[in-house]
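The values are calculated or read from the model by the stated rules, or taken from the named source; none is laboratory data. Quick caveat, the model's predicted, so the values are computed rather than measured. Because the Cβ atoms are built from the backbone with ideal geometry, glycine has one as well, and the counts that use them run over all protein chains shown.
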Amino acid sequence: MSDSSPSGALAPPRARHHRGVYDALVIGGGLVGSAVAFGLRQQLDHVAVLDEGDIAFRASRGNFGLVWVQSKGMGMPAYGHWTMSSQQLWPRLAGLLHELTDLDVGLEQRGGLHPVLTEEEYEHRIRFMSELLDQPGMVQYDWKMLDRKELADLVPGIGPEVLGATWTAVDGVANPLKMLRALHTAFDRQRVDYLPLHPVADIALRHGVFEMSTPHGKIQARKVVLASGLSNQALGKQVGLEVPVRPQRGQIVVLERTQRILQTPFSTLRQTDEGSWLIGDSQEEAGYADGVVGLPVLATLADRAVRTLPALRDVRVVRSWSALRVMSRDGFPIYEQSATHPGAFVATCHSGVTLAAAHALRVAPMVVEGALPGDMAPFSTRRFHVQETA
Ligand SMILES: Cc1cc2nc3c(=O)[nH]c(=O)nc-3n(C[C@H](O)[C@H](O)[C@H](O)COP(=O)(O)OP(=O)(O)OC[C@H]3O[C@@H](n4cnc5c(N)ncnc54)[C@H](O)[C@@H]3O)c2cc1C
């Protein structure tokens, strides 16, 4: 989410703990970069994160907070496995952060629901889930189409139009803002140099060391991870990485806090650990029109939420926002090491909350190791070349 406040002026840099060449440096301090940096620090002594600051597009500050598995992986079973592995690692990541920072990131993994409101949606959803899980090599988990009565037992007050919902035990939520806070508190505790207002303009590789140009001078590292969201495309070119990402706008409506009544989140409606209601989120190809909130889209989101849970009709809207997802050409994540600039990696995806645990506990060790194993090959950008020549 971008911030239109006049915070574009560069503040004095934070003091650095380390003045020499970093073992590894992450460009981008959103959820992807912060999770990777946290993981890197568990194995390396000197780690830095450079972030552009509040003037940047920052999906990590404007998302819905689902840690979600159902629906993921159609067309790429490897993504289904990857998502599931992150879901399984999430409690470990939340535990590590809690141990280090005493902060609770609001992880709840009590299952998740995808509502269906018409016969057509009902049939489509059953077909979709069956085809998804029938793909050769797809990860398997239990799912069920709950009928109205089964759903009403789980979610009291369900609307008369709701025909049912698909349910899995593997879905959940976390609080993305608390997550970012915990990661950044961990940086303080573990002496990771987090340097906001350090937009990277250029990356050069000299004698095996990467040199990042920022308005506060050059910063060097032996390894670099590009995790700068939508900026990965431009930065990637400088280290021989093609990163085809585009902005996809999502809008979210927030309702005032009420007593907690919804324990199991829907894919488009959830109640936070603090009682607020989140309704979301749209998927719009609107270019870089971040910060623009469109009434027709919000009205559609709100209408569906009220049809799902009619009691929400009396709950007041307190705010709404839009933010830009970081969407690759085919919607799947990109993880790759540069062939021309070994030691430079890119990590980008549109589900940075869900995949935070995989980024911290799986991608970071791969970066330390200096190689992505063979089972990460589906996430390489080589898949786009195959698509182009096919
Ligand atoms: C409306 C909406 C709902 C969503 N819901 C969910 C959900 O329920 N579950 C889920 O898993 N995901 C969800 N997402 C996606 C999730 O928010 C993103 O996948 C995640 O935030 C991406 O994180 P990121 O760190 O790659 O990018 P960003 O958060 O965009 O961060 C990029 C960072 O890079 C920095 N940067 C940019 N350029 C430079 C530069 N040149 N130098 C230094 N730093 C730079 C910026 O300052 C920024 O902090 C949602 C997204 C949106 C928009």
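Here are a few things to note about the model shown:
- Among the numbered conditions (1) within 30 Å of residue 95 (Cα to Cα); (2) crowded, with 22+ Cβ neighbours inside 10 Å; (3) within 23 Å of the chain's Cα centre (by Cα), the only one that residue 180 does not meet is (2).
- Hits in the stretch 229-279 - residues which are among the small types (Gly, Ala, Ser), within 19 Å of the chain's Cα centre (by Cα) and closer than 20 Å to residue 157 by Cβ: 267
- Within the option set 204, 186, being surrounded by 21 or more Cβ atoms within 10 Å (Cβ to Cβ) and farther than 26 Å from residue 73 by Cα holds for one residue only, 186.
- Residues in the stretch 50-59 that are near the ligand (Cβ under 6 Å from one of its atoms) and not small (Gly, Ala, Ser): 50, 51, 52, 57, 58.
- Residue satisfying condition, being modelled with pLDDT under 95 and in contact with a His (Cβ under 9 Å, 6 or more places away or on another chain), within set 13, 6: 13
- Annotation: of all residues in the stretch 324-335 being of a type outside the set (D, E, K, R) and touching a residue at least 60 places away in the same chain (Cβ under 8 Å), the one that is surrounded by the most Cβ atoms within 10 Å (Cβ to Cβ) is 326.
- Any chance residue 302 is at pLDDT below 95, buried (at least 17 other Cβ atoms within 10 Å of the Cβ), over 20 Å from residue 84 (Cα atoms) and within 11 Å of the ligand (Cβ to nearest atom): no
- Of the criteria (1) in contact (Cβ under 8 Å) with a residue 40 or more places away in the chain; (2) surrounded by 15 or more Cβ atoms within 10 Å (Cβ to Cβ); (3) in contact with a helix residue (DSSP H, G or I) (Cβ under 6 Å, 6 or more places away or on another chain), which one residue 137 fails: (2)
- Test: residue in the stretch 320-329 that is more than 15 Å from the ligand (Cβ to nearest atom), under 27 Å from residue 111 (Cα atoms) and in a loop (DSSP other than H, G, I, E, B): no
- For the stretch 336-377, the set of residues classified as assigned to a helix (DSSP H, G or I) and surrounded by 17 or more Cβ atoms within 10 Å (Cβ to Cβ) consists of 356, 357, 358, 359, 360, 361, 362, 363, 364, 366, 367, 376, listed by residue number.
- Meets criteria (at negative phi, within 16 Å of the ligand (Cβ to nearest atom) and not polar (S, T, N, Q)) for residue 368: no
- Among the residues making up the stretch 246-270, a single one is modelled with pLDDT of 95 or more and over 27 Å from residue 168 (Cα atoms): 256.
- Of the strands (runs of 3 or more DSSP E) entirely within the stretch 143-215, those holding at least 3 residues that are more than 15 Å from the ligand (Cβ to nearest atom) and in contact (Cβ under 8 Å) with a residue 12 or more places away in the chain occupy 143-147, 164-168.
- Tally, over the stretch 97-131, of residues that are out of contact with any helix residue (DSSP H, G or I) (no Cβ under 6 Å at 6 or more places or on another chain), surrounded by 19 or more Cβ atoms within 10 Å (Cβ to Cβ), aliphatic (A, V, I, L, M) and assigned to a helix (DSSP H, G or I): 1
Conditions tested, residue by residue: (1) within 14 Å of the ligand (Cβ to nearest atom); (2) surrounded by fewer than 24 Cβ atoms within 10 Å (Cβ to Cβ); (3) over 17 Å from residue 200 (Cα atoms).
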residue: 15; (1), (2), (3): no, yes, yes
residue: 18; (1), (2), (3): no, yes, yes
residue: 26; (1), (2), (3): yes, no, no
residue: 31; (1), (2), (3): yes, no, yes
residue: 34; (1), (2), (3): yes, no, no
residue: 43; (1), (2), (3): no, yes, yes
residue: 48; (1), (2), (3): yes, no, no
residue: 61; (1), (2), (3): yes, yes, yes
residue: 75; (1), (2), (3): no, yes, yes
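- Failed criterion for residue 378 (all others in (1) within 20 Å of the chain's Cα centre (by Cα); (2) within 21 Å of residue 31 (Cα to Cα) hold): (2)
- Residue 300 being β-branched (Val, Ile, Thr), over 23 Å from the mean Cα position of the chain (by Cα) and in a loop (DSSP other than H, G, I, E, B): no
- Checking the stated criteria, residue 70 turns out to be outside any helix (DSSP H, G or I) and either near the ligand (Cβ under 9 Å from one of its atoms) or crowded, with 22+ Cβ neighbours inside 10 Å (or both).
- Any hit, the stretch 228-243, residues being aliphatic (A, V, I, L, M), near the ligand (Cβ under 9 Å from one of its atoms) and either in the same structural domain as residue 315 (by TED's automatic domain parsing) or assigned to a loop (DSSP other than H, G, I, E, B) (or both): no
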